[in-house]
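The values are calculated or read from the model by the stated rules, or taken from the named source; none is laboratory data. Remember, predicted model here, so these are calculated numbers, not experimental data. Every residue, glycine among them, receives a Cβ derived from its backbone with ideal geometry; neighbour counts consider all protein chains shown.
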Amino acid sequence: MPIAKLLKFPRVQVHRIVQRFQEAGKIKDRQRSERPRCARTPELKKKVKRKIKRNSERNIAKLAREHEFGYATM
């Protein structure tokens, strides 16, 4: 009797788990390579604060474009 039927799991899922075990020697999920969660690094914060101190009338949308970030990130 196939493993998938015994475990009552979808056949594709069982295949992926077996394949993952053969490749890595373990069943845990592989580490993901994601983009950093937060773009607001201490360095960026310092740069923006300096620019605002020099000119407090500075436009937030323009600052965001200069640093290649979305408006909401600022």
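Quick grid of which residues meet (1) surrounded by 10 or more Cβ atoms within 10 Å (Cβ to Cβ); (2) part of a loop (DSSP other than H, G, I, E, B); (3) hydroxyl-bearing (Ser, Thr, Tyr); (4) on the phi < 0 side of the Ramachandran plot:
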residue	(1), (2), (3), (4)
12	no, no, no, yes
18	yes, no, no, yes
21	yes, no, no, yes
30	no, yes, no, yes
39	yes, yes, no, yes
47	yes, no, no, yes
Enumeration of residues in segment 1-58 that are in contact with a helix residue (DSSP H, G or I) (Cβ under 6 Å, 6 or more places away or on another chain) and of a type in the set (Lys, Arg): 11, 58
Subset of segment 60-71 that is farther than 15 Å from residue 45 by Cβ and either touching a Leu at 6+ places or on another chain (Cβ under 9 Å) or at pLDDT below 85 (or both) - its residue that is surrounded by the fewest Cβ atoms within 10 Å (Cβ to Cβ): 68
